[in-house]
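The values are calculated or read from the model by the stated rules, or taken from the named source; none is laboratory data. Values in this document were obtained by computation on a predicted structure and should not be read as measured data. Here the Cβ is made from the backbone with ideal geometry for all residues, glycine too, and neighbour counts use every protein chain on show. Heads up: the accessible areas ignore ligands, DNA and RNA and are worked out on the full protein's heavy atoms, side chains in. Shrake-Rupley method; radii C 1.70, N 1.55, O 1.52, S 1.80 Å.
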Amino acid sequence: MEPIYTGGCACGVVRFEMVQDPIDMSNCHCRDCQRATGGPYFPSVICKVSDFNLLQGTPSWFEKMSDGRERVGRSFCPDCGSPLMFVNAVKDDIYAIYASAFDDPSFFKPSIDIYTASAQPWDHISPDAKCYARSSRE
Ligand SMILES: [Zn+2]
Ligand SMILES: [Zn+2]
């Protein structure tokens with residue numbers, strides 16, 4: 001039996017499933033992720049696009065250049081605005097899914113925290129976290 005993780009937006013128009021365990025999980029504390037989530041960081045569940053199925057609805061996409069100078073896209077429900085997935089044009093076979101979009105996000109366990117240089121003073125980063133001031137690739 002393959003693991004199946006289901007999720008969707010707050011209003012229920014968009015529904016999706018992830019059919020394998022995530023490749024990785026991380027928290028991004030960059031300013032764009034703060035704005036996109038409304039919170040101190042983006043808890044991201046990383047999976048292959050091929051392990052992701054849209055079951056219902058059509059997410060809208062917003063694109064911009066990241067501060068790492070890469071074109072990134074963020075998707076959200078066109079009706080309620082809930083954030084859904086993030087994609088980097090350089091690695092477009094990978095989705096980072098907003099953890100709280102899952103029906104049961106309790107499986108979320110971040111392995112690294114990135115862009116902690118822009119973490120807010122009211123953010124709480126675990127003392128055990130593996131932190132990168134910017135991207136983990138730098
Ligand atoms: Zn919605
Ligand atoms: Zn970020």
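Before moving on, here are some points about what is shown:
- Which numbered condition Phe16 fails, given (1) farther than 19 Å from Arg134 by Cα; (2) touching a residue at least 40 places away in the same chain (Cβ under 8 Å); (3) within 16 Å of ligand 1 (Cβ to nearest atom); (4) in contact with a Pro (Cβ under 8 Å, 6 or more places away or on another chain): (4)
- The sole residue among Lys64, Lys109, Lys91 that is modelled with pLDDT under 95, within 20 Å of Tyr132 (Cα to Cα) and of a type outside the set (S, T, N, Q) is Lys91.
- Count of segment 19-36 residues which are open to solvent by 20 Å² or more (accessible area, probe 1.4 Å), assigned to a strand (DSSP E or B) and either within 16 Å of ligand 1 (Cβ to nearest atom) or in contact with a Phe, Trp or Tyr (Cβ under 7 Å, 6 or more places away or on another chain) (or both): 1
- For segment 37-51, filtered to residues that are within 19 Å of Asp92 (Cα to Cα) and assigned to a helix (DSSP H, G or I), the residue that is least open to solvent (accessible area, probe 1.4 Å) is Asp51.
- If you go through segment 73-88 and keep only what is modelled with pLDDT of 95 or more and in a strand (DSSP E or B), you end up with Gly73, Arg74, Ser75, Phe76, Pro83, Leu84, Met85, Phe86, Val87.
- Output for segment 90-138, where each listed residue is open to solvent by less than 60 Å² (accessible area, probe 1.4 Å), part of a loop (DSSP other than H, G, I, E, B) and closer than 18 Å to Asp51 by Cα: Phe108
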